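Just so it is clear, none of the values below were taken in a lab; they were calculated from the coordinates. Note that the coordinates shown come from a computational prediction; the quantities given were computed from them, not determined experimentally. Glycine also receives a Cβ, built like all others from the backbone with ideal geometry; neighbour counts cover every protein chain displayed.
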Amino acid sequence: MTESDRVSRMSRDEFIALQNERLPRAVAYAYERVPFYRQAFDDIGLTPGDIRSLDDLHRIPFTYKSDIQAAFPYGLCAVEPNQIARVHSSSGSTGNPISTCYTAKDMDDWAVCMARNLEVAGVTPDDVCQIAFRYTLFTGAFGHHLGAERLGATVIPTSSGLTERQIQVMQAFNTTVLHCTPSYALVIAEKAEEMGLGPDDIPLRIGLHGAEPTSAGLRDELQARLGYRVARDYGLTELGGPGVSVECEAQDGYHINEDYFYPEIVDPTSGEPLPEGEIGEIVFTTLVKEGNPVLRYRTRDLAGLTRETCSCGRTLARHGLILGRTDDMLIYGGVNFFPSQVEAVLTGFAELAPHYLIRLSGDGRRESVHVHVEPQHDWWVSCSDGGAGLCELVQGRLRDQVGFRMKVEIAEPFSLERSEGKTKRVFDER
Ligand code: DLL
C-alpha cells in the first residue's frame, strides 16, 4: 500500500487528529507572517491561541477573492522573496489577477497531492500521460505534469493546441491518459472524428479533466466519443491550483486531499456552516502551505460535502459536482439560475452537440435570454424543418427545468467558438 493509499483510507478519528494537530499551527503561522491575517484577528480580538482545534475554526474570519486580488502580487505571501520557488497566476474572469507562490516544500506537497489525485483517478506508473493543458502562468499544466512525474508515469508535455498533432502524438506514443480541460477534450474528439478515427483507434483509457465544469451529459459524451473514462479534478489558483480534489472510478464525488485542505460548506449568504449533505459554498483552509497560506477561503464554488466512505473504500471527504459559482448565478426576471442547469437540459438532446452559449440582453425594462445551440452534423443534414421543431422542444424543456422562457436559436454545425482552455459560455449584455 502506498503512503497516499494509506492516507486515503484513514479512519475519521485519524483525520480529525491530524487536522487538529495541523490547524493551530497553520493559524499561528499565518498570523505571525501575514500582516493581513494579523490585522483580521486583531480587529476582532482573536488570538491564534484561541484556535485550539477544528471546533474553533468558525471563529476565524473568512478570506475573500477580493482580499487576494487587492494583495496582488505578493501581499499575502508568508515568506521572504528568496524562498519563493515558483509563482503561478490566473487572469481571473473578473477584476484583478490572482497569484500564488510556492516554497520548495509547497512544490513537493503539490507533487504529493497531484500524484495522489492521479492514483485516485486510476492512473498508474505504467501510464503515458499527455499534458494538453496550456503551459503558462496557469496552474493546470504544471500541476498535472508534476503529479504524473511524481507518480512515475511517462509524461508528454504537448501543451494545448495543434490538435491534429496532439492526436498523432497520442497514437505514436500510445498515450493512455489525456490531461486537459473538458472543452479541449471535445475539440480533440471532433478533430479525431474529422481524421476518420473512432474510439478504438485512440489508445486513451482515462481523461483527467478539470478547471471548468463538466456536466454528466458532457462527461458521458466525451466517454463515448474518445472511448475512455473521465475523472474530473478540481482546484483553484488561490489554493495552489489543481491537487485539491478528484473523482475516483466510482464517479461519485471528488475526493478532497483533506490532510492539506480542510473543507467546510457554508451558506453563501449568511456564511453560517451548513450540515453535511446540504449544498452551499465550499470554504477551504490550507493546513500546511508555506508560501501563500489561506484561512477559510470563500471559493464561490457551490457543492455539497460528505464524509461517508466511498464505494471505492477511500475515506477522504468528498464534495459533489460543482453546481455553479456564486458569481456565475444569473438572475432573469427575478428567477435565479445557473448556466449548468441549461447545460444539463441541452446535453439531454441527442440531436445537439455540446456547444452552446447563453446571451442575456435588455435595457432594464425588457430583458431576454437567448440560448444558441449547435446541432449534431448528421442530424442537421437530414433535418427538414431547419431545426424549428427541435427548438420548440428544447425551449419547452428549458422552461420546465429552469423556470422561464428562453429563446433557443440553432447555429450552423461547428460554428460556435471552440476553446483550447476554459470556454466562456455566458454573455450578459444587460
Ligand atoms: O482552474 C485549477 C485547475 C487546473 C483545476 C486544472 C483543475 C485542473 P483557476 O484558473 O484559478 O484554477 O480556476 C478555479 O475553476 O474556482 C472553479 O470555479 C473552476 N473549476 C476548477 N475545476 C473545476 C471542476 C484552476 N472540476 C475555478 N469543475 C474554480 C467545475 C471547476 N469547476
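The amide H of ALA231, built 1.01 Å from its N in the peptide plane, has GLY207, LEU208, HIS209 as neighbours under 5 Å, considering only residues 5 or more places off or on other chains. Candidates GLN166, HIS144, ALA115 compared by Cα position along the dipole of the range 106-173: farthest toward the positive end lies GLN166, with charges placed on Cβ.
The smallest convex shape that holds all Cα atoms of the range 243-367, its convex hull, gives 162 Å³ per residue. Principal axis analysis of the Cα atoms in the range 92-144 yields extents of 41, 26, 16 Å, listed in decreasing size. Label sites at PHE173 and GLU308, each approximated as a point 7 angstrom past Cα along Cα to Cβ, lie 4.1 nm apart.
For the range 127-207, chymotrypsin sites (Phe, Trp or Tyr not before Pro) are listed when DSSP marks them as loop and at most 16 other Cβ atoms sit within 10 Å of their Cβ; the list is TYR135.
Looking at the range 4-53, the trypsin sites (Lys or Arg not before Pro) that sit in a DSSP loop and have at most 16 other Cβ atoms within 10 Å of their own Cβ are ARG9, ARG52.
The Rg/Rh ratio for the range 1-323 is 0.97, where Rg is the radius of gyration of the alpha carbons and Rh is the Kirkwood radius.
What pairs in LYS65/LYS289; LYS105/LYS191; LYS65/LYS191; LYS65/LYS407; LYS65/LYS105 have C-alpha atoms more than 29 Å from each other? Those over the limit are LYS105/LYS191; LYS65/LYS191; LYS65/LYS407. Amide H contacts of HIS255: VAL246, GLU247, CYS248, each under 5 Å away and 5 or more positions distant or on a separate chain (H built 1.01 Å from N in the peptide plane; Pro and chain starts excluded).
When the Cα positions of ALA17, GLY75, ILE410 are compared along the charge dipole of the chain, GLY75 comes out farthest toward the positive end, with charges on each C-beta of Lys, Arg, Asp and Glu. Relative to the Cα centre, the charge distribution of the range 25-104, modelled as +1 at Lys and Arg Cβ and -1 at Asp and Glu Cβ, gives a dipole magnitude of about 240 debye.
Relative to one another, the C-alpha centroids of the range 311-355 and the range 1-44 are positioned 31 Å apart. If you average the alpha carbon positions of the range 155-177 and of the range 73-136, how far apart do those two centres end up, in angstrom? Centre-to-centre distance over Cα atoms comes out at 22 Å. Compared with the rule-of-thumb size 2.2 N^0.38 Å for a compact globular protein, the range 210-281 has a Cα radius of gyration ratio of 1.28. Dipole magnitude for the chain: computed about the Cα centre from +1 point charges on Lys and Arg Cβ and -1 point charges on Asp and Glu Cβ, it is near 560 debye.
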